[in-house]
1. Determine whether residue 178 is within 30 Å of residue 137 (Cα to Cα) and either out of contact with any strand residue (DSSP E or B) (no Cβ under 9 Å at 6 or more places or on another chain) or in contact (Cβ under 8 Å) with a residue 60 or more places away in the chain (or both).
2. Quickly run through region 21-53 and pick out the residues that are in contact with a helix residue (DSSP H, G or I) (Cβ under 8 Å, 6 or more places away or on another chain) and over 25 Å from residue 106 (Cα atoms).
3. So how many residues does region 272-286 have that are surrounded by 12 or more Cβ atoms within 10 Å (Cβ to Cβ) and part of a helix (DSSP H, G or I)?
4. Taking the conditions exactly as written (modelled with pLDDT under 75, closer than 20 Å to residue 189 by Cβ and either part of a loop (DSSP other than H, G, I, E, B) or not assigned by TED's automatic domain parsing to the domain that holds residue 136 (or both)), does residue 307 satisfy them or not?
5. Would you confirm whether or not region 82-89 contains a residue that is closer than 20 Å to residue 162 by Cα, under 19 Å from the mean Cα position of the chain (by Cα) and without any contact (Cβ under 8 Å) to a residue 40 or more places away in the chain?
6. Please find, among 215, 223, 239, 219, the residue that is free of Cβ contacts under 8 Å to residues at least 24 places away in the same chain and either within 26 Å of residue 253 (Cα to Cα) or part of a helix (DSSP H, G or I) (or both).
7. If the requirement is being farther than 25 Å from residue 294 by Cα, free of Cβ contacts under 8 Å to residues at least 12 places away in the same chain and surrounded by 15 or more Cβ atoms within 10 Å (Cβ to Cβ), which of these qualifies: 231, 253?
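The values are calculated or read from the model by the stated rules, or taken from the named source; none is laboratory data. Everything numeric in this text was worked out from a predicted model, so none of it was measured. As a convention, Cβ positions derive from the backbone with ideal geometry for all residues, glycine included, and neighbour counts pool all protein chains shown.
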């Protein structure tokens, strides 16, 4: 197999406790042509000196501020030259052949722009040797893949642009993948490429911030990219959910209201981005909504499968 250079970007913010597991797993990767860059979003936990001293083969770039996932990863993208960029969360443990398998899918078709690995929640009590993915195909076309384990073709970035830095956290990977799909690129998942992930280990510090970011970004993404009719449906449902959240969890009231206010005050600029994006759209709206529906079914089936497998493993069953 051809082995084009891959630039692995590990974004870090106060994640020192995860870095040994992450970098030690990367040191065992058997792909022959890759580099590792850690972009640090102004950590205060000595991550930078620790990596500089203990992992000298990792290039460290200081971002200068903590402006989120898209901001930090874009700095890494601009400062690397691999044919492919792989975005990898710092709270991950990679299997030795994960990179071979995503690159193989990417190289199989010139229309492929993004390939995701399969992130599986890391559980110390769950034997990794028992992981068998439930999907028969080596790869499938999907609506989106997780930004925690995402391979991106650099040529596509020159065409559709970098990650949208409007986002701080959440939905930026979904928007990027939907934008790639709409621009005519294939977003694939390499079903046999496994990366273990400590889910949400480096998320936002408070539930209020999570609620604000999630609702704000979900609405923004749909207004920016999706068809008018589909967006109206999503917005209507989200309004109902918002009232329900306020009723059940009044402590989130200000976060929810602020998320909606942000979208209202930013509507003009969002519509400008929407006009630009949809003027160069190559995929039919119905095709993307079909992929989104299939993606949701796949995610649900995958979660149920691994939950069942873990339960069996903990009981000592095969």
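1. yes
2. Hits for region 21-53 are 40, 41, 43, 45, 46, 47, 50, 51.
3. Summing the residues that are surrounded by 12 or more Cβ atoms within 10 Å (Cβ to Cβ) and part of a helix (DSSP H, G or I) in region 272-286 gives 5.
4. So residue 307 passes the test.
5. no
6. None of the other options fit; the residue is 239.
7. 253
Conditions (1) part of a loop (DSSP other than H, G, I, E, B); (2) farther than 22 Å from residue 78 by Cβ; (3) at pLDDT below 95; (4) not assigned by TED's automatic domain parsing to the domain that holds residue 76, marked per residue:
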site: 115; (1), (2), (3), (4): no, no, no, no
site: 137; (1), (2), (3), (4): yes, yes, yes, no
site: 144; (1), (2), (3), (4): yes, yes, no, no
site: 175; (1), (2), (3), (4): no, no, no, no
site: 184; (1), (2), (3), (4): yes, yes, no, no
